[in-house]
Amino acid sequence: MKKLKSAIIGCGNIYKVHADALQELENAELKYVVDIREKRARNAAEGYNCDYIIEYEELLDKKIDVVHICTPHFLHSPMAVKFLEAGVNVLVEKPLALNYKEGNKIIETLSKSQTKLGVCFQNRFNNNNQQAKNILESGRLGKIKGIKGFVTWHRDQEYYLKDDWKGYYKTEGGGVLINQAIHTLDLMQWFVGPVKAIKGNVDTRVLNEIIEVEDTAEATLYFENGAVGIFYATNTFSQNSPVEIVIDCGKGSLRLFDDQLLITDNKESKSIINTTSGGKYKSYWGNSHYKLIKTFYQDIIAGYYTETVNATEGLKTLELIQYINQSAINQKKCYLSNN
Ligand SMILES: NC(=O)c1ccc[n+]([C@@H]2O[C@H](COP(=O)([O-])OP(=O)(O)OC[C@H]3O[C@@H](n4cnc5c(N)ncnc54)[C@H](O)[C@@H]3O)[C@@H](O)[C@H]2O)c1
């Protein structure tokens, strides 16, 4: 069994999910962890029995096959470009980049390289979302007429003060849209298809003393197939509620709530599928990182993409976010660039 040599850059909140997955995979071997905070890098190296590095550029000389980028958003594109140019495969945490323009730099670099890039939209791999996608593709519920996606979470002063990069456009790239609700935007367009136009609004309603980015956003998504999407996201609720997505089709509807799927057809029969897959990480991160990482490694070895979320897919949400912001500034419906 060929083992790919891996490294993880950024040993903060999310890296353990990656490191644990790599320990389980037969075709991966975690060789290095990297963090500019030496203590974090050292602790991670001790925990996962590998070497540590402080300056990530040193990794470029280490002959690794895959790098996992788990750093703040502003570092995603510059780091990804450097490693892709050096012939290293890249798995980047969401978002693909700080913004659409930087995401495009990655796409351009990839077009000149033989390497692969995956983006961590792991919720696509959740059992309930996979089942919903299969039902929609089978056409058994008819044509999609509408979709709604609601994210009502809680992020307070403590959350924003804990990490120096959150709450600023320069380092986070935005607020609730690019950090929390990006998974829901990704799922909405994955389920329904390409978006033609957007009318949206963004605002900072509660956290305005603390952050410069938006804590609340809403948008109407006009899909190419005629469906209309309603999207609402906020970090200002008093608690973290489960994300809710409802898809209305001609012959029934699907309701995704937490890790459940409720299927309702027009004869009023209902079936609830509880797809809880268990796991040790925060439930709203989902437990599907392992599946995504496993698929990415299989794809690298096979030499082609299967279900992995690639850079083109990762760019779609950055485009949606850009147009929600543009529509908010212009106060009018905006048509996406290819329309
Ligand atoms: N997929 C998900 O559901 C999910 C969940 C949480 C976080 N994330 C994403 O993971 C990424 C990291 O988030 P986090 O919450 O772990 O952040 P964090 O701030 O906890 O960790 C980031 C780490 O990167 C390190 N770092 C910063 N600059 C560096 C550099 N130049 N070289 C090496 N290390 C550097 C920091 O010291 C820190 O330890 C973000 O993109 C975030 O959006 C994704």
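The values are calculated or read from the model by the stated rules, or taken from the named source; none is laboratory data. Only a predicted model underlies this, so the values are computations on that prediction, with no experimental measurement involved. Please note: Cβ atoms are built from the backbone with ideal geometry, for glycine as well, and neighbour counts cover all protein chains shown. For the accessible areas, the whole protein counts, side chains as well, though only heavy atoms, and no ligand, DNA or RNA atoms are used. Shrake-Rupley method; radii C 1.70, N 1.55, O 1.52, S 1.80 Å.
Quick notes on this one:
- Taking the accessible area of the chain, probe 1.4 Å, and keeping the other protein chains in place, the carbon and sulfur fraction comes to 47%.
- Annotation: amide H-H contacts under 5 Å for Lys199 (H modelled 1.01 Å from N, sequence separation of 5 or more, or interchain): Thr220, Tyr222, Cys334.
- Dipole magnitude (debye, nearest 20) for the range 1-86, charges at Cβ of Lys, Arg, Asp, Glu: 60 debye
- Rounded accessible area per residue of the chain, 1.4 Å, Å²: 46 Å²
- Ordering Gly174, Ala132, Tyr100 by the projection of their Cα atoms onto the charge dipole of the range 55-184, which places +1 on the Cβ of Lys and Arg and -1 on the Cβ of Asp and Glu, puts Ala132 at the extreme positive end.
- Length-normalised contact order of the chain in % [C-alpha pairs under 8 Å, at least 6 apart]: 19 percent
- Annotation: peptides 288-294, 60-66, ranked by per-residue average of other Cβ atoms within 10 Å with the highest first, follow the order 288-294, 60-66.
- Exceedance of the 21 Å cut-off in Cα-Cα distance is limited, within the set Lys5/Lys116; Lys31/Lys63; Lys94/Lys143; Lys31/Lys294, to Lys94/Lys143.
- Accessible heavy-atom area order of Arg155, Arg205, highest first, probe of 1.4 Å: Arg205, Arg155
- Distant alpha-carbon pairs in the chain (separation over 25 angstrom), percent: 53 percent
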